[in-house]
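Here is the structure we will look at.
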Amino acid sequence: MRRIFLIALSSVCVLTMYAEHWWGFAVGEGHNQPYTTFRSFDMSREDANNQLTPLLISDEGRYIWTDTAVTFSFKDGQPVLPNGIAMQQVKDGTLRGAYMEAMNRYFSPSGLMPDSLFFVRPQYNTWIELMYNQNQADILRYAHAIVDNGLPAGVLMIDDNWQRYYGNFDFKAERFPNPKAMMDELHQLGFKVMVWVCPFVSADSPEGRALAEKGYLLKDKDGNTAILRWWNGASACYDLTNPAALADFVATLRQAQAKYGIDGFKFDAGDNNCYASTDLASTATTVEHCESYARLGLSFPVNEFRACWKMGNQPLVQRLGDKDYSWDAVASLIPQMCVAGLLGYTYACPDMIGGGQWTSFLNIAEDQFDQALIVRSAQIHALMPMMQFSVAPWRILSKENMAIVKQAALLHTQFAPYIYQCAQASARTGEPIVRNMEYQFPHQGLADCKDQFMLGDKYLIAPVVDNRLVREVRLPKGTWRDELGKKYKGGKTYTINAPLARLPYFEKIK
């Protein structure tokens, strides 16, 4: 029998657990879950470059909700939390039962979804190919290459450094001689187009001065416009906890949409640590600023966020944080996507194929890329709710490996009706699209399974996440059929061949 003890130790409460597995709090730490030993993590200043929800859930049907950002850690499988936080127990004693009760209580489904194109076609982001050199000619060249290489047109994201400066939403004239014509051409190719935005504003600009005069920017304790440091320098920042400032930002973005034909926005930055300054006059917490920024996306069905707080089951697209170009990063995608689902961020994308951390791609010659890594990353994406390209596979892959990646993209479109059906069900019920194995098959010894997942309740997806051509697959009880038509008896572990062109997946048939 599993037992639990509640032990109060001065300023902390230690939950002592035996043979129990816990997930939650930070999507970006999903690869370290279920938790056993974990460092001290301050949710008010850290987000692991990703979404947060103040929820811990266990495979014994227990959950903890904190309301506010707390500092937590794990020691020997025991969560250590601030004193006074209550733990709840659900009757069925399962991970799914704990999630469903907590979800319905704290972030119940809205019934709304992002734009359907996110789910049914691949996405494309110009970041890795162009980085800070976003420009009209190369964006159009990238888009035409997508179509010319037989990949389906979908959402196209124009990344950072397209605008004149932060807070201004006009294209740089020297790089975009005719942005409206560019948008028209991209639309004709079949793309919906997003542009990168952030909550920061160049302080010494006409927009910055006008926003400061209206009281729409964060202030320091001396009453002056606060300057916040982030990865692109130091800037003023919208105070989006101010409803008037939020409305102004929405109106400004709508004006840009009307002017250029923009379909939506990639909402970057806005992490809780961006607001972790002791000099701010605002009484809002760091995570409340992050949450207020995320609310911008509710006005735009074509949206994407990388950082978030308490916005589970809202019609917001969430992307995993930028990953290195490495096998460790590839292996982190499945457990992090599973945790995203367990925290309510079900409309999610597993970063960019091959990784979105641009520094990982610097100084790599085209003939030095590990092509298997790109292929396996694409296969993981293929049967996720969304898949996103950035580095151009046609540039770095052989003809044979490019064909495999194209096959993965087409598999995603083949599964699009089912994926979209799962998304629609999630909007009604709040259940994840990508499901942890323990979630779907409780108490079958799958709590530590991090390299396979369920797509809805029908398909078990078992991609290869390392540089091998075989893998072990742990099949739950029942009868299963793989994508080649072979049947398997569940409740066993199988070693299967997985050559580079193969993405193993299984359908439960009994």
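The values are calculated or read from the model by the stated rules, or taken from the named source; none is laboratory data. Small disclaimer: the values here were computed from a predicted structure and weren't measured. All Cβ positions, glycine included, derive from the backbone under ideal geometry; neighbour counts span all protein chains shown. Ligands, DNA and RNA are excluded from the accessible area calculation, which covers all protein heavy atoms including side chains. Shrake-Rupley method; radii C 1.70, N 1.55, O 1.52, S 1.80 Å.
Only one of the numbered conditions (1) without any contact (Cβ under 8 Å) to a residue 24 or more places away in the chain; (2) under 22 Å from the mean Cα position of the chain (by Cα) is violated by residue 19, and that is (2). Taking first residues from region 309-323 that are aromatic (Phe, Trp, Tyr) and at pLDDT 95 or above and partners that are in a loop (DSSP other than H, G, I, E, B) and surrounded by fewer than 24 Cβ atoms within 10 Å (Cβ to Cβ), the Cβ contacts under 9 Å between residues at least 6 apart in sequence or on separate chains come to 309/43; 309/69. Checked against the criterion of being open to solvent by less than 50 Å² (accessible area, probe 1.4 Å) and in contact with a Ser or Thr (Cβ under 8 Å, 6 or more places away or on another chain), region 447-468 contains not a single residue that satisfies it.
Cβ-Cβ distance below 9 Å, separation of 6 or more or different chains: which pairs start in region 59-73 with a residue that is closer than 23 Å to residue 90 by Cα and end on one that is among the polar types (S, T, N, Q) and in a loop (DSSP other than H, G, I, E, B)? What qualifies is 59/94; 60/94; 61/94; 68/44; 68/285; 72/66. Just so you know, in region 367-424 the residues that are touching a residue at least 60 places away in the same chain (Cβ under 8 Å) and of a type in the set (Phe, Trp, Tyr) include one that is surrounded by the most Cβ atoms within 10 Å (Cβ to Cβ), and it is 389. One residue stands out among those in region 239-261 that are touching a residue at least 60 places away in the same chain (Cβ under 8 Å) and open to solvent by less than 10 Å² (accessible area, probe 1.4 Å): the one that is farthest from residue 307 (Cα to Cα), which is 256. Tallying residues that are in contact with a Lys or Arg (Cβ under 8 Å, 6 or more places away or on another chain) and either modelled with pLDDT under 95 or open to solvent by 10 Å² or more (accessible area, probe 1.4 Å) (or both) within region 39-64 yields 2. Taking region 347-365 as the range and being open to solvent by 10 Å² or more (accessible area, probe 1.4 Å) and under 30 Å from residue 298 (Cβ atoms) as the test, the residues that pass are 357, 358.
Counting only helices (runs of 4 or more DSSP H) that sit completely within region 92-199, zero hold 3 or more residues that are surrounded by 18 or more Cβ atoms within 10 Å (Cβ to Cβ) and among the hydroxyl-bearing types (Ser, Thr, Tyr). If you go through region 382-407 and pick out every residue that is over 24 Å from residue 426 (Cα atoms) and either more than 21 Å from the chain's Cα centre (by Cα) or in a helix (DSSP H, G or I) (or both), you end up with 15.
Residues that are small (Gly, Ala, Ser) and either touching a residue at least 24 places away in the same chain (Cβ under 8 Å) or within 25 Å of residue 204 (Cβ to Cβ) (or both) within region 127-184 comprise 143, 145, 150, 153, 154, 167, 173, listed in sequence order.
All conditions in (1) over 14 Å from residue 380 (Cα atoms); (2) in contact with a Lys or Arg (Cβ under 8 Å, 6 or more places away or on another chain) hold for residue 462, with the sole exception of (1). Total residues in region 262-319 satisfying the condition of being farther than 18 Å from residue 200 by Cα, open to solvent by 10 Å² or more (accessible area, probe 1.4 Å) and small (Gly, Ala, Ser): the figure is 1. Scan region 432-457 for residues that are under 26 Å from residue 110 (Cβ atoms) and part of a loop (DSSP other than H, G, I, E, B) and report the count. Residues meeting the conditions: 5.
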